[in-house]
Every structure is written in structure tokens, then in C-alpha cells.
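The values are calculated or read from the model by the stated rules, or taken from the named source; none is laboratory data. The shown structure was predicted, so the numbers you read here are calculated from the model rather than taken from an experiment. Note that we place each Cβ from the backbone using ideal geometry, even for glycine, and neighbour counts take in every protein chain shown. Please note that ligands, DNA and RNA were not included when accessible areas were found on the heavy atoms of the full protein model with its side chains. Shrake-Rupley method; radii C 1.70, N 1.55, O 1.52, S 1.80 Å.
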Amino acid sequence: MKDITYQRKLQALLGKEVEGSIDRPLGSRHPKYHEMVYPINYGYIDGFMAPDGMEQDAYVIGTNKPMQRFKGTVIAIIEREDDIEDKLVVSLNGNDYSVEEIEKLINFQERYFKHKIIRRGDL
């Protein structure tokens, strides 16, 4: 069971602007599963620690170019039932993507996890 404090902190980020770093830019390969290529940028929120002891992971959407840093708005939480850490979805361009659009963008990795997408209106 996930820590309620962690989940509340994630929920408090919905609709907020965050900054972070990209450690797996669009087009890069997963460091362990080399057949997995990232179709979007993937990184972490600066200074926000996740239960795994690392900074909070985030899918970064709204560009078709690889990035090193990002600044955008948290539009969703990917709540994983079978992992200690959930993931955030950050929109760079201000668009509020639908659950279906988000699912298509993150499916390359999230298909391996039981999850649900939570948006602001879902709380």
C-alpha cells in the first residue's frame, strides 16, 4: 500500500507548474530494456523525492523534440497499483490532454503495469 502522504503530495501538484530534468530524451533507449525506445521525453521533477529514494519521475508531453530540461504543468498522475512509485504527466504547451490521449502516449511503458490515470477533476 502506498504512503497516503506521498499520494496527497502528488495530488497537490495537479495544475501546478514544475521544473525538472530529462534523463531519457525522446528517441533514447531504456537503459535496461534496450528494445524500448522512448517516443516522448521522460525525466524527473527537481527536488521532489519519490518513495524509491529518487526524484519523482514524469512523462513530459507537448513537444516532438528531445530535451534536457523542462518547465510545464502537471496534468495527470499515473497511479501504479503494482509499483512503489506513481508517475506524473507534465504538459509543456499548456494543453490538457484527455485520458485517452495520455494513455496512447505512455503506453510504450505503462502497458507493463496495472495503472489508472488521475486528472484534477477525478479527485
Residue tally, condition under 24 Å from His30 (Cβ atoms) and outside any helix (DSSP H, G or I), over region 85-121: 16
Selection from region 13-43 of residues that are open to solvent by 60 Å² or more (accessible area, probe 1.4 Å) and either of a type in the set (Ser, Thr, Tyr) or touching a helix residue (DSSP H, G or I) at 6+ places or on another chain (Cβ under 7 Å) (or both): Tyr33, Pro39
Some residue of region 84-107 being in contact with a Lys or Arg (Cβ under 9 Å, 6 or more places away or on another chain), among the basic types (Lys, Arg) and at pLDDT 95 or above: yes
Members of region 77-120 that are open to solvent by less than 10 Å² (accessible area, probe 1.4 Å), among the acidic types (Asp, Glu) and under 18 Å from Met36 (Cα atoms): Glu110
Residue match in region 5-12 (condition: open to solvent by 80 Å² or more (accessible area, probe 1.4 Å) and touching a Phe, Trp or Tyr at 6+ places or on another chain (Cβ under 8 Å)): yes
